[in-house]
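Each value in this text was obtained by applying a stated rule to the coordinates, not by laboratory testing. These figures come from a predicted structure and were not determined experimentally. A quick note on method: Cβ atoms are made from the backbone with ideal geometry, for glycine too, and the neighbour counts reach across all protein chains shown.
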Amino acid sequence: MSYVDEIIALVEKQNPAEPEFHQAVKEVLESLRVVIEANEQVYRKDALLERIVNPERQFKFRVPWVDDNGQVHVNTGYRVQFNSAIGPYKGGLRLHPSVNLGIIKFLGFEQIFKNSLTGLPIGGGKGGSDFDPKGKSDREVMAFCQSFMTELCKYIGADTDVPAGDIGTGAREIGYLFGQYKRIKGVYEGVLTGKGLTYGGSLVRTEATGYGLLYLTKEMLKCNGHDIKGKTILISGSGNVAIYAAQKAKELGGKVVTVSDSNGWVYDPEGIDIKALKEIKEVKRERLTSYKNYRPQSEYHEGKGVWTVKGDIALPCATQNELDLEDAKALVANGVIAVAEGANMPSTLEATQYFLTHKVLFAPGKAANAGGVATSALEMSQNSERLSWTFQEVDSKLQHIMVNIFHSMDEAAKRYNAEGNYVVGANIAGFEKIVEAMNAQGIV
Ligand code: NDP
Ligand code: 2IT
């Protein structure tokens, strides 16, 4: 059996009931096959792949907290420190009832390659909990965050592991987490990113993932003879990534006609009203059913369906496996020219394959959504030098980083005779740097 197939089988055997982790490993290793086969002897001898698919360290802990009625609840907290070859562990904290160890491992594994692609010195990690912030009072969210950080603070630090936001973890949660870290450790340091602007946060971090997604999409389109201007754009999700993707898409001359949440989706033929969307989601924390109150001409549909709308560009910005083979077929039948993943692993393996074989320009999440973590790394730099950069400075660095990521994956794909296959390109470009750093540091 080839080394790649052996490791895929090993991961499935050693990590039972973790389908998302298996999927992430499979996608990466399958596309690295050419590189691994060319170096099989050396890599096998060094057990390189065994080291890459095994987290350096993982924590699972009890998170007890008290609700507004005095009832005690117990959630499970996780932090997976996957790979520190190129820098301190870096990656978000997901707060969602679906969180389990396998999901955190898939996200942490993706993060290694994504962070490598940014060109910045950050290793890969991820954490979170099955706590659901939805419907909780601010005091309940604070109680949870304080309890979570009381345990997490033992394992993180500005030079060891720097968490940030992800699904369910936004500015409010980061604030409570930071306060508790500072209180316990007695240190004011850049231990988290996505902080508020009054206490060490960076301008552009809020917008970064969505903006970065559009910067990379723009470059990918440009290099393939297209432009965002005048294009109809389908977006899923209505959280941090989706909102700022929609905003930048509109600024670049595109027309965003959909957004969604876990209950349903909105179709606004005249273009999504970003101001209304922000008020619903960021201020009032309401469901998308309220959108009609702002835009009576829009349609609200229960359940799935965003990908059945006719559009030129699709930007999945909600969650993993939200776009399956049927969705991919519908998009291609409707003439989609590009898909760029704002979320982590939103397309199933079959959907991705379908896009690639139908010559749809496809930017995988680890490249397309790297603007968030890249700007987190810029926040770390600013914290280290105790300075704050202007919006324009950070935004211009973000644009450069996203353009560079596109060219790194494009160039790696060409080098391995897979021109236009950005899945292969992104994985190879990310992998090469990690391997070089791991080799230089010996067997650790
Ligand atoms: P938010 O919590 O701000 O928003 C998440 C959005 O996705 C909401 O609209 C939510 O709907 C929807 N969603 C979540 N889970 C599901 C589900 N199971 N089914 C359908 N819809 C769902 O998170 P973000 O915008 O920050 O994250 C979105 C994606 O982007 C995730 O995959 C995340 O890992 C990724 N990402 C985030 C980065 C960041 O900087 N924030 C950086 C890079 C990637 P509802 O409100 O109904 O739950
Ligand atoms: O998936 C991701 O890259 C994030 N959630 C952002 C991580 C970070 O450290 O900013």
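Grab every C-alpha pair in the range 299-421, bin the distances at 5 angstrom width from 0 up to the longest one, and report whole percents. In whole percents, the pair-distance histogram is 2, 10, 17, 19, 16, 13, 10, 7, 4, 2, 0. Modelled spin labels at residue 443 and residue 182, positioned 7 Å past Cα toward Cβ, are 4.6 nm from each other. Fully extending the segment from residue 159 to residue 263 would add 33.5 nm, taking 0.36 nm per residue of separation and subtracting the current Cα-Cα distance. On the principal axes of its alpha-carbon atoms, the range 47-203 has extents of 52, 33, 24 Å, going from largest to smallest.
Straight-distance candidates among the lysines for linking to residue 284, with alpha-carbon spacing under 18 Å and chain neighbours fewer than 8 residues away dropped: 134, 136, 275, 292. Under the simplified labelling scheme, the residue 134-residue 76 pair shows an inter-label distance of 2.0 nm, with each label point 7 Å from Cα along Cα→Cβ. Counting every other Cβ atom within 10 Å of each residue's Cβ, 53, 332 order from fewest to most as 332, 53. One decimal place: the segment residue 62-residue 359 gains 102.2 nm when fully extended, by the rule 0.36 nm per residue minus the C-alpha distance. Computed over the chain with a Gaussian network model linking Cα atoms closer than 10 Å, the most mobile of 382, 392, 23 is 392. For the range 92-198, chymotrypsin sites (Phe, Trp or Tyr not before Pro) meeting the loop criterion (DSSP other than H, G, I, E, B) and having at most 14 other Cβ atoms within 10 Å: 188.
At a Förster radius of 22 Å, what calculated FRET efficiency corresponds to the Cβ-Cβ distance of residue 386 and residue 151, to the nearest 0.05? Using R0 = 22 Å, I get an efficiency of 0.15. For the range 80-141, the ratio of Cα radius of gyration to the globular rule of thumb 2.2 N^0.38 Å stands at 1.27. Which distance in Å, rounded to a whole number, links the C-alpha centroids of the range 147-223 and the range 307-373? When both Cα centres are located, 26 Å separates them. Diffusion coefficient of the range 65-114 by Stokes-Einstein, Kirkwood radius over Cα pairs, 20 °C, 1.002 mPa s: 168 µm²/s. Only beta bridges with both residues in the chain are counted; by DSSP, about 55 percent of them are antiparallel. In the range 48-206, what percentage of the DSSP-assigned beta bridges are antiparallel, given to the nearest 5? Once the DSSP bridges in the range 48-206 are tallied, antiparallel ones form about 65 percent.
Here the range 118-269 yields Rg over Rh of 1.04, to two decimals, using C-alpha coordinates and the Kirkwood radius. Compute the distribution of all C-alpha to C-alpha distances in the chain, in bins of 10 Å from 0, and list the percent of pairs in each, rounded to whole numbers. Histogramming the chain at 10 Å steps yields 4, 22, 33, 27, 12, 2, 0 percent.
Direction-averaged projected area, Cα convex hull, the range 1-140: 9.8 nm², rounded to one decimal.
Across q = 0.30 Å⁻¹, the range 9-58 modelled as identical point scatterers on its alpha-carbon atoms has Debye log10 I(q)/I(0) values of -1.24, in the order of the q list. The mean sequence separation of alpha-carbon pairs under 8 Å and at least six residues apart, normalised by the residue count of the chain, gives a relative contact order of 15 percent. For a modelled paramagnetic label at residue 304, 7 Å from Cα along Cα-to-Cβ, the residues of the range 333-347 in reach, with backbone nitrogen under 14 Å, are 346-347. Within the range 204-273, all pairs of alpha-carbon atoms sorted by distance into 10 Å bins from zero give the percentages 22, 52, 24, 2.
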